[in-house]
Amino acid sequence: MSQIFHHSANTLVRMTMVGVAVIVGGVGWVAYEFQQSAYQTRATQPREQPIPFSHVHHVGGLGLDCRYCHTTVETSSFANIPPTKTCMNCHSEIWATSPTLEPVRASFRTGASIQWTRVHDLPDFVYFNHGIHVAKGVGCETCHGRVDRMPLTWQENTLQMNWCIDCHRNPEKAVRPREFITSMGYQPTGNQEEIGRRLVQEYKIQDARTLTSCSTCHR
C-alpha cells in the first residue's frame with residue numbers, strides 16, 4: 001500500500017500542536033494579566049468625589065488620625081464614612097465661607113448625606129471585618145496604601161483573592177504593633193519577620209490553614 005500522507009505531515013502536526021499550545025498559553029496569560037490590570041481592578045485610579053477631599057492635606061499635612069473620621073474601624077466590620085458633623089467640627093470655623101465646601105454646609109443644614117463615591121468595594125460574597133484586622137495588627141497602610149500622599153483617594157491594591165491569600169499565608173510579613181496601626185510610612189525597629197512571628201503569637205492569629213479556608217472569607 002502506498003503512503004497516504006507525505007513524510008512532512010509529521011512535522012506539520014508537531015508544529016500545529018506546538019502552535020495551539022502557544023496560543024492557548026498566550027490567551028491564558030493575557031486573561032490573567034487583564035484580571036490583574038488596573039483597568040479591571042481600578043487600582044491606582046483616583047475617584048472623583050462630589051467634594052475634592054484631600055488625604056494629603058488632612059492626614060499628611062494636619063496629621064489627623066484615621067480614627068478621627070473612621071470612628072468604627074476598631075470595633076466594626078465596616079469602617080464608617082464620617083458624618084457631616086465631623087467635617088463641620090473644623091469647617092464651621094475654617095474655610096467657613098469657601099464655595100468648594102458649600103455642599104458640606106448644605107448637607108449639615110438639610111441633614112441630607114453627601115453622596116461620596118465608594119473607592120473600596122468588595123463583592124457581596126466576600127466577608128471582610130475591619131475590626132478583626134486592626135485588632136490583629138494589620139495597619140491601615142497595608143491595605144489602603146499611603147493615603148497621606150493621596151490628593152484624591154484611590155484603591156492601592158487589587159483586592160483580589162490572591163492578594164488577600166498571600167497575606168493570610170504569611171501574616172508575619174504584614175502585622176505590626178497595634179500602637180502603629182494608623183501610622184503612615186511605618187518602619188519596623190528590627191527584622192519584620194521576626195517581629196511579625198512574635199506578634200502572630202501574641203495576638204493569637206490563626207494558622208495559615210484556617211486563614212486560607214474558604215469559610216474564613218466566604219460565608
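The values are calculated or read from the model by the stated rules, or taken from the named source; none is laboratory data. In this text, all values refer to a predicted model and were calculated from it rather than measured experimentally. Ideal geometry is used to build each Cβ from the backbone, glycine not excepted, and the neighbour counts take in all protein chains shown.
Can you pull out the residues in region 162-187 that are surrounded by 14 or more Cβ atoms within 10 Å (Cβ to Cβ), more than 16 Å from the chain's Cα centre (by Cα) and not in a helix (DSSP H, G or I)? I'd like the intermediate steps shown before the answer.
Pass one, region 162-187, residues surrounded by 14 or more Cβ atoms within 10 Å (Cβ to Cβ): 163-165, 167-168, 170-172, 174-178, 180-184, 186.
Restricting the remaining residues to those that are more than 16 Å from the chain's Cα centre (by Cα) gives 170, 172, 176-178, 180, 183, 186.
Within region 162-187, ASN170, ARG176, PRO177, SER183, TYR186 meet the criteria.
Summed over region 84-98, the residues that are surrounded by 13 or more Cβ atoms within 10 Å (Cβ to Cβ) and of a type in the set (A, V, I, L, M, F, W, C) give a count of 3. If the condition is being modelled with pLDDT of 95 or more, among the polar types (S, T, N, Q) and surrounded by fewer than 18 Cβ atoms within 10 Å (Cβ to Cβ), then region 101-128 contributes only THR110.
Inclusion of GLY131 among residues that are touching a Lys or Arg at 6+ places or on another chain (Cβ under 6 Å) and surrounded by 12 or more Cβ atoms within 10 Å (Cβ to Cβ) is not warranted. If the condition is being at pLDDT below 95 and either farther than 30 Å from ARG149 by Cβ or of a type outside the set (S, T, N, Q) (or both), then region 189-205 contributes GLY190, GLU193. Report yes if some residue within region 139-152 is modelled with pLDDT of 95 or more, of a type outside the set (Phe, Trp, Tyr), under 19 Å from VAL175 (Cβ atoms) and touching a helix residue (DSSP H, G or I) at 6+ places or on another chain (Cβ under 7 Å); otherwise report no. Looking through region 139-152, at least one residue is modelled with pLDDT of 95 or more, of a type outside the set (Phe, Trp, Tyr), under 19 Å from VAL175 (Cβ atoms) and touching a helix residue (DSSP H, G or I) at 6+ places or on another chain (Cβ under 7 Å).
Return the pair list, or none, for Cβ contacts closer than 6 Å from residues in region 46-68 that are within 13 Å of MET150 (Cβ to Cβ) to residues that are of a type in the set (A, V, I, L, M), at least 6 apart or on different chains. Note: pairs meeting the criteria are PRO46/LEU152; ARG47/VAL119; HIS55/VAL147; HIS55/MET150; HIS58/LEU64; VAL59/VAL147. Scanning region 188-202 for residues that are in contact with a helix residue (DSSP H, G or I) (Cβ under 9 Å, 6 or more places away or on another chain) and either part of a loop (DSSP other than H, G, I, E, B) or more than 15 Å from ASN170 (Cα to Cα) (or both) yields PRO188, THR189.
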